[in-house]
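*Asks:* Encoded as structure tokens, here's the structure I'll be asking about.
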Amino acid sequence: MAPNAVQASSAPGQAVEETKAGGKHAHGTHNYPDALTHIDKTTWDVVIIGAGPAGLMLATSLARFGGHDVLVVDERSEPTTAGRADGIQPRTIEVLRNMEPLGSEFFERSAPSYERTFWDPRSDGQRGIERTRRVQSFPTNMEIQDNCTLGLQQGLIEGGYLRDMERHGQRVTRPWAYKDFQMGSGSHPVTVTLEKMKPVMETTNEGGAPISVIKPTGETKTIKTKYLVGCDGGRSRVRKTMEDRHAVTFDGDWVDTLWAALDCVVETDFPDVRKIAAIHSKNHGALYIFPRENNEKGEPIIRCYTQVNRLEGEKSKESALDARDKVTSDMVMKAIKEIAYPYHFDFKGIEWYTCYPIGQRLVSRYSLPEGRNPDGSAFAGHHVFIAGDACHTHSPKAGQGMNTAIIDSQALAWRINLVEKGLAKRDVLLSTYHDERHATGKQLIDFDSEYSALFSGEVPKNTPEVANMTEAQKREHFIDIQRRNAAFTTGAGVFYADNVLNYRDPSKLGVSKVTDRLQPGARLLPAWVTRWCNSQPVRLIHEIQFTAPGGFRIYVCAGDLAKNRSKLQDLSRHLSSSSSFLHRFRPNAKAHHLAHGAYHQRPEALNTGLGKGFAEEANPFFHLLLIVKQNRFRIELEEIADLGPLRAMLYTDDVEQGGQRIGDEDGDESIGGLHTKWGLDDGGIVVCRPDGYVGAVFPLDQGAKGWKAIEKYFDGFLEEQNAVIAAAAVPRL
């Protein structure tokens, strides 16, 4: 490699060479906006390093929220053209469906996989493999709308984000690379040095393997920012600065086995080529087939993860780190044919390949806490963050890396948004990003270390008892690992511990527990209701999109409206008072003076044309959704006219299964299904965070004590703004 050249960023143990041999790239002609090339300003609210899925999710979210001055830079002169990450898991699909049109666009373009198959050496001892198990991709009890994994090349995913960013006035600036940051003081305490790069060049390393090389131009730019976020991959230079100067560590180790990833078009007699297939051969290692989208010719692509250090029938004595640069696409294709025997694979085109050893590493800090510079000067905490592969590296076969990165960025985006809009206590809220996402990263590394070792035919370090298992027991254990971790790998089973945002024990807020069905710190259980204004059945979790202004969802389960009317009136009076969170927590002057359409996208339930207090929100950062246990044909607006701010969005609980029959009208047989599912038959109040996670559940029948508990919850991490600004924003109720 030439002096001062920078090899294209990739996670350690992942992309060490990127071959585009034979045929065109899988993406065809990408449709994404042109990048910016100049950096004219010297101060920014947020600077994002890296325009992969993590960086683009963060940038897209902030652009949707509006009011943030964001610079996104990437050292490459164009987005990803082939290869890299390609699997979108169910919870990530759910999140993206809250960012429409992204969710629908990705789903329609991708190859969904609803089934997983397992292949093992033939039981009769003959050469070859046979199918031993077929299972649904994810258990039905996961309560996931899209119970599948989507196969879609990273460049197409990036293109979707880039188009969404452009719709909201944001673009990436290329090709600029991160060079350094220094911590200081003031409103923009992070000084960042960037360096302009030359366009990507394709060359080869000493072993003849193709690599991408990016050389600097010598032009640098120094800027200041409130927040610096490193989304620059497993070899993150932002993280490296944190390691070198601020005692952050990147801990973990390697599994000494060598794998390749190959995107290809094949002609084959293998029956499960369009399903996720895990294949273990007797002597030649393992193969993992993952269906992908069609290329521009309409040909279906598959991703093959292939073990390549057992080509000769036994494990190579050469270390994976030493051998990786010697692997060619021909060697990978040979391995696939050997592992999949007696099935034939005729390779019609190779879109991309890479070779990597497996490493599992986790950073000690996702954010930089307060501390001192090497010169002794002090700096405030939570101005520098990292997300995605900059925090965690692991094997790609479980399809977790990009998904975890996207959720990392979602978690950071809504926190920064609330802080910068003046609603949140900065240190309190931003500190929870590390607390929650680091714990998830640790769980990911623990799972991957066992899963990837078993897949590679190795003994996991944390479960040495595997060494004493028979081959049949090992196969069953491998499947059991996936089954036991299904909730985590879908993303739907990620739980956050109790903190200032999550109260599993509401007695700490002064009220008794009202349900065991909804868990604070977990994603809200999805359920169907009828949007009363247009009688449309809707999935409630998608009614409030992850967009401007980026606030909370408060679901008021009214139960029987007639029975609970006095309780609802009491709640309405509290919400209308000056002591309510609706009026105490208002955005700052900067956010308040944004153009209304730029910072508040009205939910469909508010786009009705209704006046006189209906379909009007008291505070757009707190969406109040009233859900009554009634058939949509049997309720009129007059019945909620005296409920003040609760009138804004009305839903009837007459769609979700599990309800009870109350009459002979269509729909009467399902009354109350959501209330039952959530364990709130007699009513309750569910506060959800902007990311769709349950924060706390409050009673409807404990009067002032319940309302005080809600205020105490928000007091924990929100802060009041200037009374003049707040008063100007309060509508008549």
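The values are calculated or read from the model by the stated rules, or taken from the named source; none is laboratory data. Computed from a predicted structure; not experimentally measured. Heads up, the Cβs are rebuilt from the backbone with ideal geometry, glycines too, and the neighbour counts pull from every protein chain shown.
*Asks:* Would you mind stating whether Ser452 is of a type in the set (Ser, Thr, Tyr), outside the structural domain of Ala589 (by TED's automatic domain parsing) and at pLDDT below 85? Walk me through how you get there before you give the answer.
*Replies:* Working: of a type in the set (Ser, Thr, Tyr): yes; outside the structural domain of Ala589 (by TED's automatic domain parsing): yes; at pLDDT below 85: yes.
Yes: the conditions hold for Ser452.
*Asks:* In segment 666-680, which residues are more than 32 Å from the chain's Cα centre (by Cα) and either outside any strand (DSSP E or B) or not assigned by TED's automatic domain parsing to the domain that holds Arg523 (or both)?
*Replies:* Going residue by residue through segment 666-680, those that are more than 32 Å from the chain's Cα centre (by Cα) are 666-671.
Scanning segment 666-680 gives Asp666, Gly667, Asp668, Glu669, Ser670.
*Asks:* Then there's this: Quick test for you: out of Asp375, Asp389, Asp408, pick the one residue that is without any contact (Cβ under 8 Å) to a residue 12 or more places away in the chain and of a type outside the set (Val, Ile, Thr). Spell out how you get there, then give the answer.
*Replies:* Working: Asp389 fails: without any contact (Cβ under 8 Å) to a residue 12 or more places away in the chain; Asp408 fails: without any contact (Cβ under 8 Å) to a residue 12 or more places away in the chain.
Result: Asp375 is the single residue among Asp375, Asp389, Asp408 that is without any contact (Cβ under 8 Å) to a residue 12 or more places away in the chain and of a type outside the set (Val, Ile, Thr).
*Asks:* Go through segment 422-468 and give me each residue that's in a helix (DSSP H, G or I) and either without any contact (Cβ under 8 Å) to a residue 40 or more places away in the chain or in contact with a Cys (Cβ under 8 Å, 6 or more places away or on another chain) (or both). Spell out how you get there, then give the answer.
*Replies:* In the first step, residues of segment 422-468 are kept if they are in a helix (DSSP H, G or I); the result is 426-455, 464-468.
Result: Arg437, His438, Gly441, Asp446, Glu450, Leu454, Pro464, Glu465, Val466, Ala467, Asn468.
*Asks:* Let me ask another. Restricting the search to segment 71-98, which residues are of a type in the set (D, E, K, R) and under 12 Å from Ala35 (Cα atoms)?
*Replies:* Taking segment 71-98 as the starting set, the residues that turn out to be of a type in the set (D, E, K, R) are 74-76, 78, 84, 86, 91, 94, 97.
Residues satisfying the conditions are Asp74, Glu75, Arg76, Glu78.
*Asks:* Out of Gly706, Gly692, Gly663, report the one residue that is more than 28 Å from Leu62 (Cα to Cα), outside the structural domain of Ser409 (by TED's automatic domain parsing) and surrounded by 17 or more Cβ atoms within 10 Å (Cβ to Cβ). Show your work before the answer.
*Replies:* Details: Gly692 fails: more than 28 Å from Leu62 (Cα to Cα); Gly663 fails: surrounded by 17 or more Cβ atoms within 10 Å (Cβ to Cβ).
Going through Gly706, Gly692, Gly663 in turn, just one is more than 28 Å from Leu62 (Cα to Cα), outside the structural domain of Ser409 (by TED's automatic domain parsing) and surrounded by 17 or more Cβ atoms within 10 Å (Cβ to Cβ): Gly706.
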